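Let me begin by presenting the structure, written as structure tokens, before commenting on it.
A short reminder: the numbers here are calculations on the coordinates, not readings from a lab. A quick note: this is a predicted structure, and the numbers were derived from the prediction, not measured. We place every Cβ from the backbone using ideal geometry, glycine too, and count neighbours over all the protein chains shown.
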Amino acid sequence: MTGLDRTKLVEELLRYTREELETGLPPERITPDSPLLEWGVLDSVRTARLLAHLRDDLGTRVPPTHMTAQHFATLRAVADLVLSLQEQTTAR
């Protein structure tokens, strides 16, 4: 999946988080602005699964230097990271 706009990307990340990550939270509680790290939505295992989804399904590899709390604070932040990395790849 490439060439996503931000809205569609956020929707896809929201769907994936709610349906695939088994967070233990009611799905409707997770929103694009939910604090993923503070709420424990992303732990080491779920972060690894999300990174695999970004790589395998969205075609975006996240370099270790970009694996920061800021980039994974919310689903909107993750979407912005993905779009930024896709832009860098396209610009090369």
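For PRO35, what is the net charge nearby, where nearby means another residue's Cβ is under 13 Å from its Cβ and Lys, Arg count +1, Asp, Glu -1?
Counting the neighbours of PRO35, the net charge comes to 0.
Counting helices only, and only those DSSP H runs with n ≥ 4, report the 222 nm mean residue ellipticity of the chain as the sum of -39,500 (n - 2.57) divided by its residues, in deg cm²/dmol to the nearest 500.
One gets -16000 deg cm²/dmol as the mean residue ellipticity at 222 nm.
Who wins for biggest fluctuation among THR60, THR68, THR23 in a Gaussian network model of the chain, springs between alpha carbons below 10 Å?
Comparing THR60, THR68, THR23 in a Gaussian network model of the chain, the most mobile one is THR68.
Rank GLU19, GLU28, GLU38 by mean-square fluctuation in a GNM of the chain with C-alpha springs under 10 angstrom and give only the top-ranked residue.
In this elastic network of the chain, the residue with the biggest mean-square fluctuation among GLU19, GLU28, GLU38 is GLU28.
Roughly what would the spin-label model give for GLU87 and LYS8, points 7 Å off Cα along C-beta, in nm?
It is 1.8 nm.
What angle do you read, to the nearest 10 degrees and between 0 and 90, between the alpha-carbon axis of helix 6-20 and the longest principal axis of the chain?
Helix 6-20 and the main axis of the chain meet at about 40 degrees.
Among VAL78, VAL45, VAL62, determine the one that fluctuates most according to a GNM of the chain built with springs between C-alpha atoms less than 10 Å apart.
VAL45
Given (i) 6.8; (ii) 5.5; (iii) 6.2 as candidate values of mean projected area of the Cα convex hull in nm², which corresponds to the one derived from the coordinates?
Computed from these coordinates, mean projected area of the Cα convex hull in nm² corresponds to label (ii).
What is the angle, in °, between the Cα long axis of helix 75-91 and the longest principal axis of the Cα atoms in the chain? Nearest 10 is fine, range 0 to 90.
Approximately 10 degrees, to the nearest 10.
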